[in-house]
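Scroll down for the structure; my scribbles are underneath it.
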Amino acid sequence: MAIPESQIETWSHIGSVVQSAQTYDTMRNVLNDGNSPYYAKDFSIFLQGSYGNETNVFRDSDVDIVIRLNQTYYADTVKLDAGAKANYDKAFSLAGYAYPDFKRDVLAWLQKKFGTDVTPGKKAIVIKGKGTRRDADVLVCAQHRRYRATSNGLDGQYDEGITFWTSDGTQIINFPKQHAANCTTKHQSTNSQFKRIVRVYKNMRNRMIDDGYIADGVAPSYFLEGMLWNVPNDKFVQSYEDTFVNAFNWISNTDKTNLACASDLHWLVRDNTSVCWATANFEAYLTAVREYWNAWQA
């Protein structure tokens, strides 16, 4: 039995907006306080994740905030030819204030301001909500530059993103601004349907977890956004039910190795990398969606 239009339309609704906005304002003001130990450094604060991309649903409305050190950058130069790499190496100098220093200072400042509500996580610093303030994740990172093959090592031919290290020492590289911009363009190109359908898939994923069809963590929101970003624009139509089916059928029948994350700077489905969706989880998710759709009971 297919899931009816009325249920899918309900799942398309956006989650908390007012409280999330208030939480972001609170956190941004704290992070940008002139009394912080890192205030004299060059840094920027911006949103990433579901709230920042307007794909948040009611159950997953945590506020994901990035604070990025800009004056120090880390680079991927593997695509540079020998001459360009030599140029890069000659101009390179070690920074006096690096990512570990920045993370230490940001953590100390948040602990001073929020006390025991602060918990350092594997990736981000978690600030527990209180009153009208929602839970927030603060990701401390540094600027990352992925140099293109056409660069001479000294120019601006690179993709700018973020990098950080997890608590176990694993380096993560992502491109949240490209992700957000591409999702917005997709939304505009699909008659404002893309972000609604992302919310549908997220809400359905949550129900599938509750009903035991998949385990929590099998289908992260970031990968769902990336998966749907690949779907051709003409598959997004006026009916929510038709759009859901169109998107799912296209994803099921396409070559998954050609799918990209929404930033278009990482592959979506690959194994043995922390920035891609593991093949087994991707396949398990698609199987569970099909089973859940067919077994639906209101």
Computed over the chain: longest principal axis from alpha-carbon atoms vs helix 176-189 long axis, angle to nearest 10 degrees, is 40
Could you state the angle between the C-alpha long axis of helix 82-91 and the longest principal axis of the C-alpha atoms of the chain, as a value from 0 to 90 degrees rounded to the nearest 10? 60
Ignoring any ligand, DNA or RNA, what whole percent of the accessible area of region 173-294 comes from carbon and sulfur when the probe is 1.4 angstrom? 44
Give, rounded to the nearest 20 debye, the magnitude of the charge dipole that the chain has about its Cα centre when Lys and Arg contribute +1 at Cβ and Asp and Glu contribute -1 at Cβ. 640
For Asn70, put the label point 7 Å out on the Cα→Cβ axis and report which residues of region 137-161 keep their amide N under 16 Å from it. 141-145, 160-161
Label-point gap, in nm, between Thr279 and Asp135 - each point 7 angstrom along Cα→Cβ: 3.3
Sorting Gly115, Thr254, His266 by the position of each Cα along the dipole of the chain (Lys, Arg +1; Asp, Glu -1; all at Cβ), the one nearest the positive end of that ordering is Gly115
Please give me the summed charge of the neighbours of Thr77: other residues whose Cβ is under 12 Å from its Cβ, Lys and Arg +1, Asp and Glu -1. +2
Packing-based ranking, highest mean first, of 50-59, 276-285 given that Cβ atoms within 10 Å are counted: 50-59, 276-285
Per residue, how large is the accessible surface of region 61-141? Use a 1.4 angstrom probe and give square angstrom. 52
Can you run phi through the Karplus equation (6.51, -1.76, 1.60; θ = phi - 60°) for region 132-140 and list ³J(HN,Hα) in whole Hz, with x for Gly and Pro? 8, 7, 7, 4, 9, 10, 10, 9, 8
I want to verify a result. In a Gaussian network model of the chain, Cα cutoff 10 Å, which of these has the top mean-square fluctuation: Ala136, Ala180, Ala84? Ala84
Can you list the lysines whose alpha carbon is less than 18 Å from that of Lys112, not counting same-chain residues fewer than 8 positions off? Lys103, Lys128, Lys130
With a 1.4 Å probe and all protein chains left in place, how much of the accessible area of region 1-73 comes from carbon and sulfur atoms, in whole percent? 48
With both bridge residues required to lie in the chain, what share of the DSSP beta bridges run antiparallel, to the nearest 5%? 65
Other residues with Cβ under 15 Å from the Cβ of Asp168 give, with Lys and Arg +1 and Asp and Glu -1, a net charge of +3
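The values are calculated or read from the model by the stated rules, or taken from the named source; none is laboratory data. Note that this is a predicted model, so its numbers are computed, not measured. We place every Cβ from the backbone using ideal geometry, glycine too, and count neighbours over all the protein chains shown. Side chains are part of the model used for accessible areas, which takes the heavy atoms of the whole protein and leaves out ligands, DNA and RNA. Shrake-Rupley method; radii C 1.70, N 1.55, O 1.52, S 1.80 Å.
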